[in-house]
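The values are calculated or read from the model by the stated rules, or taken from the named source; none is laboratory data. Keep in mind the model is a prediction, meaning the values are calculated, not measured. Cβ sites come from the backbone with ideal geometry, for glycine too, and all protein chains shown count toward neighbours. With ligands, DNA and RNA removed, areas are computed over all heavy atoms of the protein, side chains included. Shrake-Rupley method; radii C 1.70, N 1.55, O 1.52, S 1.80 Å.
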Amino acid sequence: MAPTSDKKCFWEWWWSTSWIHAYGPFSICPFLSFFSLQSQILDPSDPSSQSAPQKEEFSRFKNEVYQKVLQKVFSSLQRRSHNGDAHLCADGITRVLYPGILIESQDAEEAAYFCGCRAAGANHPCPKCLISHSDLHNITGKFAESRTPENMRAVINLASKAKTKGAREEVLKAHGLHNVEHFLWDFKFSDPYRAYSYDTLHSDDLGKWGKHLWVLLLAVLENSDGQAFYDILKASNQMAILIYQKCCTKVTMEYGKSFDFLKQHASQHVVQDIKEKGTVDNFSTRNGEGVQQEASQAFEQTNMKHAEHQMVAIDEKLEAIARIRMAIDNDTQARQIASEGGADEAAANNVLDLRPWTFGSLEGKRMNLRALAEDRSKTHREYHDLDQRLRDFIAFHFPEEALSYEDEVFVRRYKNVVLKFQSLEDWTEGRDIMRCNPSFHGEPRFDCVIIHDDAPNLSVARLCDLIRCSLPSGNDIDLALVHRFSQSHWKPKTVWSGCRVLDEDVESSLVSMDYVLRGALLCPVSQREDEKAHYFVDTVDADMFLKENYPMN
């Protein structure tokens, strides 16, 4: 079968966690995992008795071993990265895929081995650029020259032409390299230096905070007051690059702390990493390291023979214990509430817990519906005639709760809702936190949601308000006041596969929260404030892609 289209297929590599993801921009590709090599080549001699050249030679030897092994592991992909490989994708379409390494999530030591660079104490220790060691603290300064396969290969070629060993070492030191050729230099779509990504676990949690700011904090608190704690805490939490740089400068001036270390400099590259690869969740090792720790703990409880079956049994036992513990805790809590006379309240809370949505961030006080509609409609068009529309909505959708004109309805308004949904990707529970707030950190934010109805495509609406109605019967009904989106007549000059343009309706309508599925992302087609046309983004995650392109019958 001839390929119907060509796609670039990038793999996501975590050195420490032993996972690889394969995915395409508009396709679903298979999942592949393998156990990666660990940086554990031990020196048989005593490192403390070695001279600097001896240590350097052994470090070069380790880098060469790693590059040779990785070249062997990935040798079958080198040709495919240039010529491609036909693959039958999950949507039944055969495509030509080009494998490449787009993301490398590694600690600094592992990154040095993988990229063939010198360690953190070198003159130029960064795997991504040629920053000088003395400038590592300056994360807002001018960017140093970036490492690329072309300029690093040129450095190796220049070093090989040196007439003496000392001259060769000077060339390599000036660029922070070992005298080894990287296995990815002959790959297409793979730049090992650009792929090295900011890892929040090793750079923030264990790096800047764990090994530097936390140590400084303990030292300062021994002989200082609470203001010192506030200064350090502020420096560690305000991670906006410019503010963070000012905080670090202040800490340096007041406490003499040097920020000339590699993980501090990594912050200079994080913005570009996010632009190229998405949020830091895409290249964080937190999840993988957690799985690895659980597997390691289970392995230590086996007899080391046929361990995988024993590890599965251990995991099953731990899961059963956790479920039993949760059942006991829930029963204890229920008995305590019942003994205090709050059984009815507990039952009501249990009903609310079963709902796939939870309102949060109460706005104002409980109000009469007519008073709310009259007050808000003066400045907000969507509230026009809200009282009558809501009564008609209840009469139609909840006839047993139909209201007369004399019945009073009281409402509470909320500014966010947590939506729970079942992902079509792996059938696990997903969660979206959707905002409906006129001033969220100083900016208006009214998120969009997917509405479940009979339309052939996903129906989308923008939240205007979240309302809980308290009816005369004593029951509560949760509603959303929304602006729906309809198919737009406008089309972009370039219409891509799956392109969908929607117009935001001017008039508002009411929707029961029972029909709100999950959050959605829409992007205005222009920067005009009154822009009504929006692109529907179906690549937010795999679940959204499947819901939009492969709806369940």
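I need a count of the residues in segment 168-219 that are at positive phi and at pLDDT 90 or above. Within segment 168-219, residues that are at positive phi and at pLDDT 90 or above number 0. Considering only segment 480-490, I want to know if a residue exists there that is outside any strand (DSSP E or B), without any contact (Cβ under 8 Å) to a residue 24 or more places away in the chain and in contact with a strand residue (DSSP E or B) (Cβ under 7 Å, 6 or more places away or on another chain). No, segment 480-490 contains no residue that is outside any strand (DSSP E or B), without any contact (Cβ under 8 Å) to a residue 24 or more places away in the chain and in contact with a strand residue (DSSP E or B) (Cβ under 7 Å, 6 or more places away or on another chain). Against the list (1) closer than 30 Å to Asp91 by Cβ; (2) surrounded by fewer than 19 Cβ atoms within 10 Å (Cβ to Cβ); (3) touching a residue at least 24 places away in the same chain (Cβ under 8 Å), the condition Ser473 fails is (1).
All of (1) modelled with pLDDT under 85; (2) open to solvent by 70 Å² or more (accessible area, probe 1.4 Å) hold for Lys165 with one exception: (1). Comparison of Asp46, Asp91 shows that the only residue that is modelled with pLDDT under 70 and of a type in the set (D, E, K, R) is Asp46. Does segment 333-342 hold any residues that are surrounded by 10 or more Cβ atoms within 10 Å (Cβ to Cβ) and either in a helix (DSSP H, G or I) or at pLDDT 80 or above (or both), and which are they? Matches in segment 333-342: Gln333, Ala334, Arg335, Gln336, Ile337, Ala338.
Being out of contact with any strand residue (DSSP E or B) (no Cβ under 7 Å at 6 or more places or on another chain), modelled with pLDDT of 65 or more, assigned to a helix (DSSP H, G or I) and not charged (D, E, K, R) is a description that applies to Tyr244.
Filtering segment 405-422 for residues that are of a type in the set (Ser, Thr, Tyr) and exposed (fewer than 15 other Cβ atoms within 10 Å of the Cβ) leaves a non-empty set.
Taking every residue in segment 162-188 that is without any contact (Cβ under 8 Å) to a residue 24 or more places away in the chain and more than 13 Å from Arg118 (Cα to Cα) and pairing it with any residue that is among the hydroxyl-bearing types (Ser, Thr, Tyr) and open to solvent by 70 Å² or more (accessible area, probe 1.4 Å), at least 6 positions away or on another chain, the pairs with Cβ-Cβ distances below 9 Å are Arg168/Ser160. Identify, please: which residue in segment 447-463 is modelled with pLDDT of 95 or more and of a type outside the set (A, V, I, L, M) and is, among those, surrounded by the fewest Cβ atoms within 10 Å (Cβ to Cβ)? So, considering only residues that are modelled with pLDDT of 95 or more and of a type outside the set (A, V, I, L, M), the one surrounded by the fewest Cβ atoms within 10 Å (Cβ to Cβ) is Asp447. Can you find, within segment 507-553, the residue that is nearest to Asp281 (Cα to Cα) among those that are hydroxyl-bearing (Ser, Thr, Tyr) and open to solvent by less than 60 Å² (accessible area, probe 1.4 Å)? Out of the qualifying residues, it is Tyr535.
Across segment 503-551, the number of residues qualifying as among the β-branched types (Val, Ile, Thr) and assigned to a strand (DSSP E or B) comes to 2. Annotation: Thr249 fulfils all but one of (1) at pLDDT 80 or above; (2) more than 25 Å from Lys142 (Cα to Cα); the unmet one is (2).
For Pro438, work out the one condition from (1) out of contact with any strand residue (DSSP E or B) (no Cβ under 8 Å at 6 or more places or on another chain); (2) open to solvent by 70 Å² or more (accessible area, probe 1.4 Å) it doesn't fulfil. The single condition Pro438 does not satisfy is (1).
Confirm whether Gln264 is on the phi < 0 side of the Ramachandran plot, open to solvent by 40 Å² or more (accessible area, probe 1.4 Å) and of a type outside the set (Lys, Arg). Judged against the criteria, Gln264 is not a match.
Considering (1) of a type in the set (A, V, I, L, M, F, W, C); (2) in contact with a strand residue (DSSP E or B) (Cβ under 9 Å, 6 or more places away or on another chain); (3) farther than 20 Å from Met513 by Cα, the lone condition that Trp427 does not fulfil carries the number (2).
Of everything in segment 62-114 that is under 30 Å from the mean Cα position of the chain (by Cα) and among the basic types (Lys, Arg), the residue that is farthest from His265 (Cα to Cα) is Arg95. For Lys275, the criteria (1) closer than 30 Å to Thr252 by Cβ; (2) surrounded by 12 or more Cβ atoms within 10 Å (Cβ to Cβ) hold in every case but one, which is (2). Taken across segment 403-413, residues that are assigned to a helix (DSSP H, G or I) and either modelled with pLDDT of 90 or more or of a type in the set (Asp, Glu) (or both) do not occur at all.
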